[in-house]
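The values are calculated or read from the model by the stated rules, or taken from the named source; none is laboratory data. Predicted model, so just to flag it, every value in this text is computed and none were measured. All Cβ positions, glycine included, derive from the backbone under ideal geometry; neighbour counts span all protein chains shown.
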Amino acid sequence: MVQARKLEMSCPTCGSAEVYYTCTPNCCFNHVCGNCSTTFEPVTAATGAIASQITPPTAPAEAGEPTVACAKCDSTAVYATPDQTLVCGDCRAILVLEYTEVAPG
């Protein structure tokens with residue numbers, strides 16, 4: 001059993017971890033970097049692999065924390081494992097994070 005944690009992501013421009021979600025789930029997934037003001041939209045790609053078992057984080061993500069939809073089932077219950085692998089908490093798909101719509105601040 002793998003203990004998952006909340007999703008974290010870094011700014012594609014400056015690498016800062018001060019990334020905030022600026023919309024509502026399943027809308028546009030627009031994120032902004034608190035360090036350099038770059039805006040971007042993260043997406044996932046399914047690897048074809050499935051995680052055997054995961055334990056989701058005990059606290060749900062709060063408004064403003066980074067989020068992304070699963071490429072396989074569209075769930076926003078996407079978490080990170082201790083080795084930084086992304087996994088969907090609903091369908092258990094192992095995912096890869098990609099950035100789109102990057103607009104440097």
> Which condition number in (1) touching a Lys or Arg at 6+ places or on another chain (Cβ under 8 Å); (2) surrounded by 12 or more Cβ atoms within 10 Å (Cβ to Cβ) is the one that L97 fails?
Replying inline: (1)
>> Go through segment 32-64 and report how many residues are loosely packed, with under 15 Cβ neighbours inside 10 Å, outside any strand (DSSP E or B) and within 14 Å of the chain's Cα centre (by Cα).
In response: 4
> So which residues in segment 72-105 are part of a loop (DSSP other than H, G, I, E, B) and charged (D, E, K, R)?
Replying inline: K72, D74, D83, D90, R92
>> Among (1) under 21 Å from V32 (Cα atoms); (2) touching a Leu at 6+ places or on another chain (Cβ under 6 Å), there is one condition C70 misses while meeting the rest; what is its number?
In response: (2)
> Say we look at segment 33-83 and pick out the residues that are charged (D, E, K, R) and closer than 18 Å to Y20 by Cβ; which of these is modelled with the lowest pLDDT?
Replying inline: E62
>> Please count how many residues of segment 12-29 are surrounded by 16 or more Cβ atoms within 10 Å (Cβ to Cβ) and among the polar types (S, T, N, Q).
In response: 1
> List pairs: first in segment 86-105 and small (G, A, S), second part of a strand (DSSP E or B), Cβ under 6 Å, 6+ apart or cross-chain?
Replying inline: G89/Y79; A93/A46; A103/T39
> Of (1) of a type in the set (A, V, I, L, M); (2) without any contact (Cβ under 8 Å) to a residue 60 or more places away in the chain; (3) assigned to a loop (DSSP other than H, G, I, E, B), L7 satisfies all except one. Which?
Replying inline: (2)
